[in-house]
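The values are calculated or read from the model by the stated rules, or taken from the named source; none is laboratory data. Given the structure is predicted, the values throughout are model-derived calculations rather than measurements. Here Cβ is always computed from backbone atoms with ideal geometry, including for glycine, and neighbour counts include all displayed protein chains.
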Amino acid sequence: MASDLGLNSELLTSLFTAPKGPEEWLQYALNEEQVIQFNELGYLHGIKVLNSEQIDTLSEQLHEMVDPEHGGNEFFYEYHSNESEDPETAIFHALGAWRVRPAFHDVLWNPAFTMAAYQLLGTNFRLFHDQLFSKPARHGGVVAWHQDFSYWTWTAPMSHLTCWIGLDDVDKENGCMYYIPKSHRWGLLERESLTGDMDAIREKLTEEQVTDFDKKVPVEMKAGEASFHHPLLMHGSYKNNSEKGRRATIINVFSDGVISNREDDGSNAPGADNYPRIAKGDKMGGTYYPLLMKVQESFGEIIDKVPTIDSV
Ligand SMILES: O=C(O)CCC(=O)C(=O)O
């Protein structure tokens, strides 16, 4: 019987190490221009967060979890061996790996991620959930254009952030993500099927917004690099027709203090039943929404040296 790694809120391995003091945190800090870019465009990319040992270990453990019979599979919030709606393509998508394999647990406390996330949220924050997306070579499916917050309206207020980390080099050929710069100012739109028609959302957009799709930016990065995006930023990824796989792990977080907006019968929150339950009006917290950043304890003495979304 596998154990639930989510019961631990400390590092389980030596793959990542916690900085020993405030000054050690500074090596991970984004600079002011990067924070300003995130604020203006709604995203930031090419931030190195994993070394080659970390990439290899995460990749091995992802490989184990792709087998649906792997130990610990009962802890996933969602698990789709193939979520693609197109019978010609495939896409593996699962939420909850942090409770199943130690490297995916510990990556949540990776200081290269937590420092940047703190700067882009401006607050202490908690894990909401993680995600795995793997597109096989030659027939990898699409992730249709969407805004992440359209899946999260059962939490409030909107103070969320997504970090996308590549386990492979990603480019236009193997189905990298694309962002629409500044679309985080569009407001919340209805959501469409995640792995169906790539362009379904366009029906809901104004002419000007449709034109903005011409400015879409491919998020090409090396393995081990991360991108960060705002919860309303429009993004998606095309097919992988290349000879290379395209694997990613994603960390979704929210500011400490976000509450549940979920009706107890789940009626206003399709999909929310998959997550550890928090009653409507209660703070999202506890074992399964661990606090990943405690600024005061970590580098409170030098907090002024660290640019954040509120200070730039
Ligand atoms: O990996 C992908 O292609 C999609 C990921 C995504 O939608 C996200 O990180 O929010």
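Look at (1) under 19 Å from residue 164 (Cβ atoms); (2) modelled with pLDDT under 95 and you find that residue 49 fails only one, number (2). Across segment 179-210, the number of residues qualifying as farther than 22 Å from residue 82 by Cβ and either within 14 Å of the ligand (Cβ to nearest atom) or not acidic (Asp, Glu) (or both) comes to 18. Just checking: which of the strands (runs of 3 or more DSSP E) contained wholly in segment 75-159 hold 1 or more residues that are away from the ligand (no atom under 15 Å from the Cβ)? In segment 75-159, the matching strands (runs of 3 or more DSSP E) lie at 78-80, 125-135.
The set of residues from segment 9-40 being under 21 Å from residue 98 (Cβ atoms) and touching an Asp or Glu at 6+ places or on another chain (Cβ under 7 Å) comprises 11, 12, 13, 15, 16. Of all residues in segment 55-89, those satisfying the criterion of being of a type in the set (Val, Ile, Thr) and crowded, with 18+ Cβ neighbours inside 10 Å are 55, 57, 89.
Does residue 173 satisfy the criteria of being without any contact (Cβ under 8 Å) to a residue 12 or more places away in the chain and acidic (Asp, Glu)? Judged against the criteria, residue 173 is not a match. Among residues of segment 42-58 that are farther than 21 Å from residue 171 by Cβ and in contact (Cβ under 8 Å) with a residue 24 or more places away in the chain, those with a Cβ under 9 angstrom from a residue that is part of a strand (DSSP E or B) and not acidic (Asp, Glu), sequence gap 6+ or separate chain, pair up as 42/179; 42/229. For the subset of segment 160-176 comprising residues that are closer than 14 Å to residue 222 by Cβ and under 18 Å from the mean Cα position of the chain (by Cα), which member is farthest from the ligand (Cβ to nearest atom)? So, considering only residues that are closer than 14 Å to residue 222 by Cβ and under 18 Å from the mean Cα position of the chain (by Cα), the one farthest from the ligand (Cβ to nearest atom) is 169. When you scan segment 1-16, how many residues do you find that are touching a Phe, Trp or Tyr at 6+ places or on another chain (Cβ under 8 Å) and either assigned to a helix (DSSP H, G or I) or of a type in the set (Gly, Ala, Ser) (or both)? Adding up the residues that qualify gives 3. Here is the figure for segment 169-201: residues that are touching a helix residue (DSSP H, G or I) at 6+ places or on another chain (Cβ under 9 Å) and crowded, with 22+ Cβ neighbours inside 10 Å total 4. Here residue 19 passes the criteria (1) assigned to a loop (DSSP other than H, G, I, E, B); (2) buried (at least 19 other Cβ atoms within 10 Å of the Cβ); (3) touching a Ser or Thr at 6+ places or on another chain (Cβ under 8 Å) except the one numbered (2).
Inspect all residues belonging to segment 211-227 and state whether any of them is within 14 Å of the ligand (Cβ to nearest atom) and on the phi > 0 side of the Ramachandran plot. For segment 211-227, residues within 14 Å of the ligand (Cβ to nearest atom) and on the phi > 0 side of the Ramachandran plot: absent. Restricting segment 230-289 to residues that are outside any strand (DSSP E or B), touching a helix residue (DSSP H, G or I) at 6+ places or on another chain (Cβ under 7 Å) and of a type in the set (A, V, I, L, M), the residue that is surrounded by the most Cβ atoms within 10 Å (Cβ to Cβ) is 234. Across segment 106-145, the qualifying residues are those that are closer than 21 Å to residue 311 by Cα and of a type in the set (Val, Ile, Thr), and the one among them that is surrounded by the most Cβ atoms within 10 Å (Cβ to Cβ) is 114.
Taking segment 241-271, which residues are away from the ligand (no atom under 16 Å from the Cβ) and under 23 Å from residue 123 (Cβ atoms)?
Of everything in segment 241-271, those that are away from the ligand (no atom under 16 Å from the Cβ) and under 23 Å from residue 123 (Cβ atoms) turn out to be 255, 256, 257, 258, 259, 260, 261, 262.
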